[in-house]
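The next block holds one structure in the form of structure tokens; read it before the comments.
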């Protein structure tokens, strides 16, 4: 454990969860590969886009994502858990800002929907 701890950035780490609306979860039950791939890509893109914004952090962050397909009630409930550092790499310097400032409650929803809006979905 100590050897791995040396690899971590000296910042806080945050647990972030992205869930699917019930309507899309029903589609995911029959189209797992396509929907889960979109869930991974859109959630990662959302966090990276927010972190890269100079008004927020202006940095590139790392992400570890894990897919859960069932909720605690043992019902189909696809969602992605992420561990995201509260700091990242930026050109010429290291930035450390709290992720709770980066991921305000409504921001991920708006950004996650933006790629679909561009494609007319």
Under 7 Å between Cβ atoms, at least 6 apart or on separate chains: pull out the pairs that start in region 23-34 with a residue that is touching a residue at least 24 places away in the same chain (Cβ under 8 Å) and end on any residue that is surrounded by 12 or more Cβ atoms within 10 Å (Cβ to Cβ).
25/76; 25/77; 25/78; 28/20; 28/35; 28/36; 28/78; 29/76
Filter region 14-39 down to the residues that are surrounded by 14 or more Cβ atoms within 10 Å (Cβ to Cβ) and closer than 21 Å to residue 87 by Cα and list them by number.
14, 16, 18
Sort out which residues of region 35-58 are free of Cβ contacts under 8 Å to residues at least 40 places away in the same chain and not in a loop (DSSP other than H, G, I, E, B), and write them in order of number.
37, 38, 41, 44, 48, 52
Members of region 41-92 found to be over 16 Å from the mean Cα position of the chain (by Cα), within 29 Å of residue 31 (Cβ to Cβ) and surrounded by 15 or more Cβ atoms within 10 Å (Cβ to Cβ), listed by number:
77
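No value in this document is a laboratory result; all are computed from the given coordinates. On a predicted model such as this, the values are computed, not experimentally measured, just so you know. Positions of Cβ are backbone-derived with ideal geometry, glycine not excepted, and every protein chain shown enters the neighbour counts.
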